[in-house]
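Accompanying notes for the structure given below.
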Amino acid sequence: MVLLLFAGLLVAVVVAGRGTFGTVEDRGTPAGNARSPESLREGERTQAAAARAVGREDGRQILFGDLHVHTTFSADAFTFSLPMVGGEGGHPPSDACDFARHCAALDFFSINDHAGNLSERRWVETVEAIRQCNAVSGASDDLVAFLGWEWTQAGPTRETHFGHKNVILRDTEDGDIPTRPIAATKNAGENVGELGLLPRGAAALLMGGRFHDWAAYLTETEAIRDCPTGVSVRDLPTDCREAVATPAELFEKLDDWGYPSLVIPHGTSWGAYTPAGASWDKQLVDGNHDPARQTLIEVYSGHGDSEVYRDWRAVDLGPDGTVICPSPRPNYLPSCWRAGQIIEARCLNEGTDATICEERAALARARHLEGGMAGHLVVPGVLPEDWLDAGQCQDCREPSFNYRPASSAQYILALGDFSEPGPPARFRMGLMASSDNHFARSGSGYKEVARRGMTESMASGPVDESLGVLSSVILPPPSEPLPNSIPFAEAIETASGFQRFEAERASSFLITGGLIAVHAEGRDRDAVWDGMQRREVYGTSGPRILLWFDWLEADGRRLPMGSEGLSSRNPRFEVRAVGSLVQKPGCPEESLSSLGAADVARLCKGECYYPTDERRPLSRIEVVRIRPQIKAGEPIGELIEDPWRVFPCSGDRAGCMATFEDPEFRESGREAVYYVRAFEEPMPGINADNLRCERDEAGACIHVSTCPQSTGDECLAPHEPRAWSSPIFISQP
């Protein structure tokens, strides 16, 4: 009888583990109402009036969008939807459409689920969801939905790491789109939170509800088979996962398909998945850059700012390639160094000889280096607060976590490759921003509210330790604060899922995310696409700041942001900017009537884009000048002038403008890259102060107040909303 009961229980666990009792996540159905023609016209009139006030009437509109949104078709987003992390339940592709249209009032957006998680069914459902969303617009083009995916590459070493890139397709109809998305091989991070058949079956039977859906999700994902290699993309089976290891191979696959597409790198300096010592130098060689497709780069998202360059590194490299822990620098404390400090302090507190404690500190630093992105695990019993602000860019605005400056946008724009005869190869990319939201909330940065849901922070309540095997996905493995480090091989054995990342500390760096703005000839798909192709785009940190940046030619022509050209004269420029509209609380009646009160509360969190007629004042305009390398090995830090010029604004709510010239261009004999930033006056922002350091008189961080996943605190602090123009690239004849 006992054996029969055990066998029956085992069968039940296996059946539950296969998702038999769960519901398969589908695309959902979007609300059937487009935004009204009256609301669109009112927005156009308001923007046109603002443009006239600063002397810009060129007939173009500035359209705002989000080209980086995940639904619960992505594995990490599905994990975030579970009760064990305070999840809200499913957010299918239809939610992304409804949020973009009726919560955020965007003009365009795309869905970018992780390609490695997209089974044939999920891809077909995504395509249909985008078509459904566009069908609601009809001829009004109130919202243009683009089809896309994320190529989620995360190499374990600096040599093999290329990073995440969003692929955006121009078209949506059969015959104009790939049969399947193209994933990255070795998809580190795409399967975070997965459990084997028996553990997830037991969890589903114990917890019920959404956990049965999770089992169904994982079963479908595990059934995806890899495509055979060496076969043309059009001859591959429809139900396999097409995956490549490098950007060069990704571009080759896209060339094989031949359909119009953009490839947009993002999170480039985000150290949560970027190995220490990684840089973008290798992406300028060996076919790893496609200047026709890779024309934009995301400098800001819900994972922080990746714009600025600093000359410190998380690790140093010896002449033979040996990894070395660098000493602390002004505004930077390496995490490996902090690991040694923690162990040394514990050792000394026990009364151990100082020489022995120094040796233990050196060993802790070496072990931290060996652990790479999971190096924190070698310090037993460590708390997030113990790390202080180690690993962070201390003088950056809302930086991405564990900052990697050799992958920042400024570093990328300054690079040159001299391996081939002729002019050096360079990156010519426009600057944009988006959200990287994993709750289908496209364009979530319109208000600084609802940290849980508008950002990636798990802030709705404490993680439930009673969840047993599931708690191991999130919670750090228990250990005592020993006065010595432990070998990395030993530490990693007991860690899985999110434990291998500094998830709790990283939650203090998650913000509401930004928008891409496009100067477009009209509202339709082709107009938006053409603007992006011209690089006539800019990014904002969320508010809809209006920005124009032009190169004023001697013959009277204006060349807009994103342009490139030759000049034998010192170039002159003009920048004009207008602050965003102050927001009312709540949601407009049109959103309420289109979605209904329940979905406004569930999806919009009760807060929508709801502008008044009043503009926020701008505080200043900054100009950045970069003079790209003209010889191999030229120090990057000496080529970036940030800021090069600063123009204070008067506080006039009508806007701000400046004209300037580069008097050194002609005599310098080298090309130059210019872009501008426009800043609004400070306002509260979620996680704007990241770790909220308390500093001593010398400026060192002595105590932090992290914004952990287990608190409902919105963690507001003053920040400056801002916009980044795309650069203007000028070469000498």
(message) Can you pull out every residue in the range 179-210 that is modelled with pLDDT of 90 or more and of a type in the set (A, V, I, L, M, F, W, C)?
(response) I182, A183, A184
(message) Restricting to the range 390-406, count the residues that are in contact with a helix residue (DSSP H, G or I) (Cβ under 9 Å, 6 or more places away or on another chain) and among the acidic types (D, E).
(response) 1
(request) Residues being crowded, with 20+ Cβ neighbours inside 10 Å, of a type in the set (A, V, I, L, M, F, W, C) and part of a strand (DSSP E or B): count how many of those fall in the range 289-326. (result) 3
(message) I'd like the full set of residues that are under 27 Å from L547 (Cα atoms) and either in contact with a helix residue (DSSP H, G or I) (Cβ under 6 Å, 6 or more places away or on another chain) or in a loop (DSSP other than H, G, I, E, B) (or both), limited to the range 673-694.
(response) V673, E681, P682, I686, N687, A688, D689
(message) Scan the range 379-396 and tell me whether some residue there is aromatic (F, W, Y) and part of a loop (DSSP other than H, G, I, E, B).
(response) no
(request) Output the number of the condition that A517 fails; it satisfies all remaining conditions of (1) closer than 26 Å to I730 by Cα; (2) touching a residue at least 24 places away in the same chain (Cβ under 8 Å); (3) out of contact with any Phe, Trp or Tyr (no Cβ under 8 Å at 6 or more places or on another chain). (result) (3)
(request) Would you check if P265 is assigned to a loop (DSSP other than H, G, I, E, B), in contact with a Leu (Cβ under 9 Å, 6 or more places away or on another chain) and touching a residue at least 12 places away in the same chain (Cβ under 8 Å)? (result) no
(message) If I filter the range 107-146 down to residues being among the polar types (S, T, N, Q) and assigned to a helix (DSSP H, G or I), which single residue comes out as nearest to T219 (Cα to Cα)?
(response) N117
(request) Please verify whether the range 148-169 includes one or more residues that are assigned to a loop (DSSP other than H, G, I, E, B), more than 25 Å from the chain's Cα centre (by Cα) and surrounded by fewer than 19 Cβ atoms within 10 Å (Cβ to Cβ). (result) no
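A quick yes/no check of all residues on (1) of a type in the set (K, R); (2) over 18 Å from F647 (Cα atoms):
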position	(1), (2)
E574	no, no
G586	no, yes
L592	no, yes
K605	yes, yes
L618	no, no
I621	no, no
R627	yes, yes
E634	no, yes
(message) Against the condition over 24 Å from A53 (Cβ atoms), modelled with pLDDT under 90, buried (at least 21 other Cβ atoms within 10 Å of the Cβ) and among the aromatic types (F, W, Y), how does F498 come out, does it pass?
(response) yes
(request) Run down A49, A75, A53, A34 and say which single residue is touching a residue at least 40 places away in the same chain (Cβ under 8 Å), aliphatic (A, V, I, L, M), surrounded by fewer than 18 Cβ atoms within 10 Å (Cβ to Cβ) and over 19 Å from G445 (Cβ atoms). (result) A53
(request) Could you please find all residues in the range 64-121 being modelled with pLDDT under 95, acidic (D, E) and either closer than 22 Å to A597 by Cβ or not assigned by TED's automatic domain parsing to the domain that holds Y217 (or both)? (result) E88
(request) Run A632 past the list (1) surrounded by 18 or more Cβ atoms within 10 Å (Cβ to Cβ); (2) not charged (D, E, K, R); (3) not in a strand (DSSP E or B) and report the number of the one that doesn't hold. (result) (1)
(message) Can you say whether A717 is surrounded by 20 or more Cβ atoms within 10 Å (Cβ to Cβ), aliphatic (A, V, I, L, M), assigned to a strand (DSSP E or B) and out of contact with any helix residue (DSSP H, G or I) (no Cβ under 8 Å at 6 or more places or on another chain), as far as the supplied structure shows?
(response) no
(request) Could you list, in sequence order, all residues of the range 666-704 that are exposed (fewer than 15 other Cβ atoms within 10 Å of the Cβ), under 23 Å from L333 (Cα atoms) and of a type in the set (G, A, S)? (result) A698, G699, A700
(message) Checking G271 against (1) surrounded by 19 or more Cβ atoms within 10 Å (Cβ to Cβ); (2) of a type outside the set (A, V, I, L, M); (3) more than 18 Å from the chain's Cα centre (by Cα); (4) part of a loop (DSSP other than H, G, I, E, B), only one condition comes out false. Which one?
(response) (3)
(request) Kindly indicate whether R569 is assigned to a loop (DSSP other than H, G, I, E, B), basic (K, R) and either over 30 Å from D311 (Cα atoms) or assigned by TED's automatic domain parsing to the domain that holds M429 (or both). (result) yes
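The values are calculated or read from the model by the stated rules, or taken from the named source; none is laboratory data. Keep in mind that what you see is a predicted model, and the values were worked out from it rather than measured. Cβ coordinates were reconstructed from backbone atoms using ideal geometry, including for glycine residues, and neighbour counts include every protein chain displayed.
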